[in-house]
Structures are given as C-alpha cells and as structure tokens.
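Colleague: First, the structure itself, so that you have it in front of you.
The values are calculated or read from the model by the stated rules, or taken from the named source; none is laboratory data. None of the values given here were measured: they were computed from a predicted structure. For neighbour counting, all protein chains shown are included, and Cβ atoms are generated from backbone atoms with ideal geometry for every residue, glycine included. Heavy atoms of the whole protein, side chains included, go into the accessibility calculation; ligands, DNA and RNA do not. Shrake-Rupley method; radii C 1.70, N 1.55, O 1.52, S 1.80 Å.
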Amino acid sequence: MKEKLYEGKAKIIYDIGSADTFLLEFKDDATAFNAQKRGTISQKGPRNRDISAALFRYLEGKGVPTQYVESVGEREMVAKRLRMIPVEVVVRNIAAGSLAKRLGLAEGTPLKRTVLEFYYKDDSLGDPMVNEYHIRAMDWATQDEINAMSDMALKVNDCLSEHLKGHGLKLVDFKLEFGVDRDGRVILGDEISPDTCRFWDLKTNEKLDKDRFRQDLGGVEEAYTEVWRRLVTV
Ligand code: UDP
C-alpha cells in the first residue's frame with residue numbers, strides 16, 4: 001500500500017502504512033529561481049537518492065542523526081516520519097549565488113568565517129531570508145531547536161567539507177532542512193545532493209551541481225553522474 005501524501009518540486013512523499021516512516025521518491029524534475037525555470041534532468045532522481053543516502057550514512061557515523069532508514073528501488077528512500085521545521089538552513093564557505101549578488105562579491109571569494117543563514121520555506125513568498133527573532137516570533141522553532149539546527153549545520157559543514165575534499169570536491173555552500181521526531185529530537189531531513197549543494201571540482205573549480213541547470217551551462221546530467229561516481233561508487 002502506497003498513498004501519495006505530498007508532491008514537492010523534487011520529491012514525492014508516500015504513506016506506506018507505518019507510523020514511524022514514510023517513503024520519499026526522488027524525481028527527475030528540476031526547478032530553479034522559485035520554480036520560474038522548469039525542466040528535467042535525466043537520472044537525477046536515482047543519482048540524488050544515492051548521493052543523499054551515502055552522505056546521510058556518512059553523517060550518521062559522525063554522530064549526526066538523520067532521517068535516513070534505507071534505500072529501496074531505483075529512486076526511493078524509506079525515511080523517518082518527522083514534523084518538518086519550515087526553515088531552510090544555508091551554510092556558506094565561499095561566496096556564490098544569492099550571497100555574491102546581495103553583497104556584491106565576486107563568485108568564488110572565500111569567506112573568512114562560515115556564514116549561516118535561515119530562510120522561511122514558503123514558495124509564495126519566494127523563501128524570504130529570516131533571522132532567529134523571526135523564527136521565534138512566528139513560532140516556527142523554539143530557541144533550543146534553533147540552537148540544535150545551527151550546531152548540527154556547522155558540524156555537517158565540518159564533516160562534509162573534509163569528506164568531500166577526499167573525493168576531489170569543494171563544498172561551496174549548501175542548504176539543510178530539519179524535522180523533529182516524536183521524542184522531540186531535532187533530526188537532519190530532506191536531502192543532500194547536487195540540487196541542494198554547490199560542489200566545485202577541487203582542482204579546476206568546475207561546477208558539478210544544479211548551477212549547470214540554473215545557468216544553462218550544459219553537461220547537467222554528466223555533472224550529477226560525476227558527483228555520484230565520486231561519492232557513491234568510489
Ligand atoms: N538552496 C536550495 N534550495 C533553495 C535555495 C537554495 O537547496 O530553495 C541551496 C543552493 O543550491 C545553494 C545554497 O542553498 O547550494 C545557497 O543558495 P543561494 O542562497 O545562493 O540561492 P540560489 O543562488 O540557489 O538562488
């Protein structure tokens with residue numbers, strides 16, 4: 001039994017008759033610029049499922065609780081059922097994307113200190129940037145949950161930056177989403193993939209992520225496959 005609960009831009013959530021878990025299906029659909037640009041990237045779903053699974057497993061080993069349970073089929077993942085916090089946590093090591101634009105920085109400028117940002121997850125508002133005061137005022141998360149998300153995001157950054165470097169990738173920036181389980185624990189959810197991270201080749205700075213789609217650079221499918229090859233098959 002599999003009943004669709006929610007269809008997002010890149011994933012579908014199914015009820016599988018379990019109180020503790022649901023099924024996430026990773027789609028090939030791609031969107032950018034708040035869904036103004038739409039397309040499909042062949043094999044993106046299977047690649048992102050595998051990359052996310054590998055990175056979630058790696059992070060679990062480092063003591064970061066994640067929603068990952070197991071991979072099933074070609075593009076699905078059994079995941080813990082969580083109450084998702086409607087906040088996107090962005091971590092940045094190098095200026096790119098909206099930060100480069102907003103502060104007038106050249107893309108690729110290293111940041112002297114890691115930058116942490118919060119965005120309210122709401123497509124109709126274009127995911128506005130918010131701070132801890134907004135999150136508290138709107139009751140999207142408690143101060144303890146904000147602290148847990150921040151600590152975990154910085155730990156994920158430290159662990160993943162190191163891990164990816166070993167696979168020839170630079171972690172420029174990325175977005176995380178968190179949920180709360182039945183015991184009130186904050187758990188890392190959603191996905192970690194070339195859709196949600198900027199990965200640059202360590203030596204050449206070649207973009208190996210969704211920026212190839214956003215900026216019409218070509219070689220989109222090849223980039224996802226290259227990240228998959230480095231992180232999943234090696
Ligand atoms: N990001 C994401 N989902 C979003 C917005 C951003 O996964 O809705 C990721 C994006 O891939 C990048 C990081 O968060 O790795 C920072 O994105 P940025 O704020 O620069 O926005 P963008 O340039 O993607 O509009």
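Colleague: How many Å² of accessible area per residue for segment 191-234, probe 1.4 Å?
Modeller: 44 Å²
Colleague: Modelling each spin label as a point 7 Å along the Cα-to-Cβ direction, I'd like the L202/K2 distance in nm, to one decimal.
Modeller: Rounded to a tenth, the inter-label distance reads 3.8 nm.
Colleague: While we're on this one: Let me spell out the model: positive unit charges on the Cβ of Lys and Arg, negative unit charges on the Cβ of Asp and Glu, origin at the Cα centre of the chain. What dipole size does that give, in debye rounded to 20?
Modeller: 560 debye
Colleague: Then there is this: State, as an integer percentage, the relative contact order of the chain based on alpha-carbon contacts under 8 Å between residues 6 or more apart.
Modeller: Relative contact order here is 19 percent.
Colleague: So which trypsin sites (Lys or Arg not before Pro) in segment 1-59 are both in a DSSP loop and have at most 16 other Cβ atoms within 10 Å of their Cβ?
Modeller: Answer in residue order: K2, K9.
Colleague: Per residue, how much accessible surface does segment 8-62 expose to a 1.4 Å probe? Answer in Å², no decimals.
Modeller: Result: 41 Å² per residue.
Colleague: Hey, if you drop one equal point scatterer on each alpha-carbon of the chain and run the Debye formula without solvent, what base-10 log of I(q)/I(0) do you get at q = 0.15, 0.17 Å⁻¹?
Modeller: -1.08, -1.45
Colleague: Taking 0.36 nm per residue of separation and subtracting the Cα-Cα distance, what length does fully extending T233 through V72 add?
Modeller: Gain in length upon complete extension: 56.2 nm.
Colleague: Given segment 109-229, report the % of alpha carbon pairs whose separation exceeds 18 Å.
Modeller: I get 59 percent for the Cα pairs in segment 109-229 exceeding 18 Å.
Colleague: Provide the convex hull volume over Cα atoms per residue for segment 90-167, in Å³.
Modeller: Output value, Cα hull per residue: 115 Å³.
Colleague: Note down the relative contact order for segment 83-218 as a percent, whole number, built from C-alpha pairs under 8 angstrom at least six residues apart.
Modeller: Normalised by residue count, the contact order of segment 83-218 is 24 percent.
Colleague: Would you work out the charge dipole size for segment 147-214 about its Cα centre, treating the Cβ of every Lys and Arg as +1 and the Cβ of every Asp and Glu as -1, and quote it to the nearest 20 debye?
Modeller: Approximately 240 debye in magnitude.
Colleague: Run the accessible area of the chain with a 1.4 Å probe and give the carbon-and-sulfur part as a rounded percent.
Modeller: About 49 percent, which is the carbon plus sulfur part of the accessible surface.
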